[in-house]
1. Computed over the Cα atoms, what is the radius of gyration of the chain divided by 2.2 N^0.38 Å, N being its residue count?
2. Taking 23 Å as the cut-off for C-alpha to C-alpha distance, list the pairs among LYS11/LYS104; LYS27/LYS54; LYS80/LYS104; LYS27/LYS104 that go past it.
3. Over region 62-153, give the accessible area per residue in Å² for a 1.4 Å probe, as an integer.
4. Rounded to a whole number, what % of the accessible area of the chain do carbon and sulfur atoms account for, probe 1.4 Å?
5. If DNA, RNA and ligands are ignored and the probe is 1.4 Å, what is the ranking of LYS54, LYS80, LYS67, LYS134 by accessible area, most exposed first?
6. Take region 10-77, compute every pairwise Cα distance, and split them into 5 Å bins from 0; I just need the percent in each bin.
7. How many percent of the alpha carbon pairs in region 82-151 exceed a separation of 13 Å?
8. For TRP107, what accessible surface area do you get with a 1.4 Å probe? Give it in Å², rounded to 10.
Amino acid sequence: MVEQLQVISRKEKILAFIHDYYVGYGKYVTAMRIFAGPIMLLGGLVMDDASKIKWAVILYAIYYILKPFLWFLFRLSQYKTEEIAVTVTEEALIVQDSLNNESKIVWNTFQEIKEQTFYFLFIISSTQRIRIPKRILTEAQMQEFRRRSVVAS
(Lines give C-alpha, C1' and ligand atoms only; values in the text may rest on other atoms or scores of the structure.)
Protein backbone atom coordinates (compact mmCIF):
# COMPACT_ATOMS: atom_id res chain seq x y z
CA MET A 1 0.00 0.00 0.00
CA VAL A 2 1.49 3.33 -1.10
CA GLU A 3 0.87 6.22 1.27
CA GLN A 4 -0.05 9.74 0.18
CA LEU A 5 2.80 12.17 -0.57
CA GLN A 6 3.53 14.68 2.20
CA VAL A 7 5.62 17.87 1.95
CA ILE A 8 8.74 18.25 4.09
CA SER A 9 9.96 21.84 3.96
CA ARG A 10 13.56 23.02 3.80
CA LYS A 11 13.05 24.78 7.14
CA GLU A 12 11.84 21.55 8.75
CA LYS A 13 14.83 19.61 7.43
CA ILE A 14 17.28 22.27 8.66
CA LEU A 15 15.67 22.45 12.12
CA ALA A 16 15.81 18.65 12.44
CA PHE A 17 19.48 18.66 11.37
CA ILE A 18 20.43 21.37 13.88
CA HIS A 19 18.48 19.65 16.67
CA ASP A 20 20.14 16.34 15.82
CA TYR A 21 23.60 17.97 15.60
CA TYR A 22 23.35 19.32 19.13
CA VAL A 23 21.40 16.61 20.97
CA GLY A 24 21.44 13.50 18.77
CA TYR A 25 24.88 12.14 19.62
CA GLY A 26 24.80 11.69 23.40
CA LYS A 27 25.25 13.91 26.43
CA TYR A 28 29.05 14.31 26.21
CA VAL A 29 29.00 15.31 22.54
CA THR A 30 26.06 17.62 23.27
CA ALA A 31 27.98 19.35 26.06
CA MET A 32 31.06 19.68 23.86
CA ARG A 33 29.12 21.11 20.92
CA ILE A 34 27.27 23.62 23.08
CA PHE A 35 30.11 24.78 25.36
CA ALA A 36 33.44 24.13 23.60
CA GLY A 37 33.15 26.92 21.01
CA PRO A 38 32.24 29.68 23.47
CA ILE A 39 34.90 28.50 25.95
CA MET A 40 37.57 28.48 23.22
CA LEU A 41 36.46 31.93 22.10
CA LEU A 42 36.66 33.26 25.62
CA GLY A 43 40.08 31.64 26.05
CA GLY A 44 41.31 33.24 22.84
CA LEU A 45 40.00 36.65 23.84
CA VAL A 46 41.77 36.60 27.21
CA MET A 47 45.10 35.46 25.74
CA ASP A 48 47.96 37.89 25.77
CA ASP A 49 48.08 40.01 22.61
CA ALA A 50 51.68 38.87 22.06
CA SER A 51 50.57 35.22 21.89
CA LYS A 52 51.16 33.73 18.45
CA ILE A 53 48.11 31.48 18.55
CA LYS A 54 45.54 33.95 19.87
CA TRP A 55 43.91 34.63 16.48
CA ALA A 56 44.06 30.97 15.45
CA VAL A 57 42.15 30.04 18.63
CA ILE A 58 39.61 32.84 18.08
CA LEU A 59 39.05 31.93 14.42
CA TYR A 60 38.72 28.21 15.19
CA ALA A 61 36.26 28.96 17.99
CA ILE A 62 34.12 31.06 15.63
CA TYR A 63 34.24 28.27 13.04
CA TYR A 64 33.30 25.70 15.70
CA ILE A 65 30.32 27.80 16.82
CA LEU A 66 29.12 28.32 13.23
CA LYS A 67 29.92 24.81 11.97
CA PRO A 68 26.35 23.38 11.87
CA PHE A 69 25.08 26.48 10.06
CA LEU A 70 27.94 26.39 7.56
CA TRP A 71 27.25 22.67 7.04
CA PHE A 72 23.77 23.19 5.65
CA LEU A 73 24.57 26.50 3.91
CA PHE A 74 27.15 24.73 1.75
CA ARG A 75 24.83 21.76 1.19
CA LEU A 76 21.51 23.52 0.54
CA SER A 77 20.61 21.05 -2.21
CA GLN A 78 20.34 18.32 0.46
CA TYR A 79 17.82 20.41 2.37
CA LYS A 80 15.35 21.29 -0.37
CA THR A 81 11.61 21.05 0.11
CA GLU A 82 10.33 17.72 -1.17
CA GLU A 83 7.35 15.44 -1.16
CA ILE A 84 7.68 11.94 0.23
CA ALA A 85 5.45 9.04 1.14
CA VAL A 86 6.39 6.77 4.01
CA THR A 87 5.23 3.17 4.04
CA VAL A 88 5.91 0.78 6.89
CA THR A 89 5.89 -2.96 6.27
CA GLU A 90 6.89 -5.87 8.47
CA GLU A 91 10.14 -6.16 6.49
CA ALA A 92 11.16 -2.56 5.81
CA LEU A 93 10.71 1.19 5.85
CA ILE A 94 9.85 2.40 2.35
CA VAL A 95 10.27 6.05 1.35
CA GLN A 96 9.02 7.19 -2.04
CA ASP A 97 9.42 10.68 -3.54
CA SER A 98 7.33 12.62 -6.06
CA LEU A 99 9.49 11.34 -8.95
CA ASN A 100 8.59 7.74 -8.02
CA ASN A 101 12.08 7.03 -6.68
CA GLU A 102 11.77 4.49 -3.92
CA SER A 103 14.12 3.52 -1.10
CA LYS A 104 13.41 0.32 0.76
CA ILE A 105 15.46 -0.07 3.93
CA VAL A 106 15.10 -3.32 5.84
CA TRP A 107 14.71 -2.90 9.57
CA ASN A 108 17.96 -4.59 10.57
CA THR A 109 19.88 -1.95 8.57
CA PHE A 110 19.17 0.59 11.31
CA GLN A 111 21.59 0.67 14.22
CA GLU A 112 19.03 2.59 16.21
CA ILE A 113 15.67 4.31 15.91
CA LYS A 114 15.10 7.31 18.18
CA GLU A 115 12.01 9.38 18.81
CA GLN A 116 12.93 13.05 19.03
CA THR A 117 10.78 16.07 19.81
CA PHE A 118 9.26 16.54 16.36
CA TYR A 119 10.80 13.80 14.22
CA PHE A 120 11.96 10.19 14.21
CA LEU A 121 15.66 9.59 13.72
CA PHE A 122 16.81 6.45 11.91
CA ILE A 123 20.52 5.83 12.42
CA ILE A 124 22.12 3.68 9.73
CA SER A 125 25.74 4.49 10.61
CA SER A 126 27.64 7.27 12.35
CA THR A 127 27.42 9.34 9.15
CA GLN A 128 24.07 8.21 7.72
CA ARG A 129 20.86 9.37 9.36
CA ILE A 130 17.30 9.73 8.16
CA ARG A 131 14.98 12.21 9.87
CA ILE A 132 11.23 11.92 9.26
CA PRO A 133 8.91 14.54 10.78
CA LYS A 134 6.20 13.17 13.02
CA ARG A 135 3.55 15.39 11.46
CA ILE A 136 3.62 13.42 8.20
CA LEU A 137 3.28 10.05 9.93
CA THR A 138 0.18 8.19 10.98
CA GLU A 139 -0.28 7.11 14.58
CA ALA A 140 0.14 3.48 13.48
CA GLN A 141 3.48 4.27 11.83
CA MET A 142 4.71 6.11 14.93
CA GLN A 143 3.68 3.18 17.13
CA GLU A 144 5.61 0.82 14.86
CA PHE A 145 8.70 3.04 15.04
CA ARG A 146 8.41 3.16 18.84
CA ARG A 147 8.08 -0.62 18.95
CA ARG A 148 11.10 -1.03 16.67
CA SER A 149 13.16 1.49 18.67
CA VAL A 150 12.82 -0.71 21.76
CA VAL A 151 13.93 -3.75 19.75
CA ALA A 152 16.87 -1.86 18.16
CA SER A 153 18.21 -0.56 21.49
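1. For the chain, the normalised Cα radius of gyration is 1.30.
2. Violating the 23 Å Cα-Cα cut-off are LYS11/LYS104; LYS27/LYS54; LYS27/LYS104.
3. Ligands and nucleic acids excluded, the figure is 60 Å² per residue.
4. 61
5. Order by accessible area, largest first: LYS80, LYS67, LYS134, LYS54.
6. 3, 17, 21, 19, 16, 12, 7, 4, 1, 0
7. In whole percent, the long-distance tail amounts to 65.
8. For TRP107, the solvent-accessible surface is approximately 20 Å².
The values are calculated or read from the model by the stated rules, or taken from the named source; none is laboratory data. Please read these numbers as outputs of a predicted model, since none were measured by experiment. We work out accessible area using only protein heavy atoms, side chains counted, and drop any ligands, DNA or RNA first. Shrake-Rupley method; radii C 1.70, N 1.55, O 1.52, S 1.80 Å.
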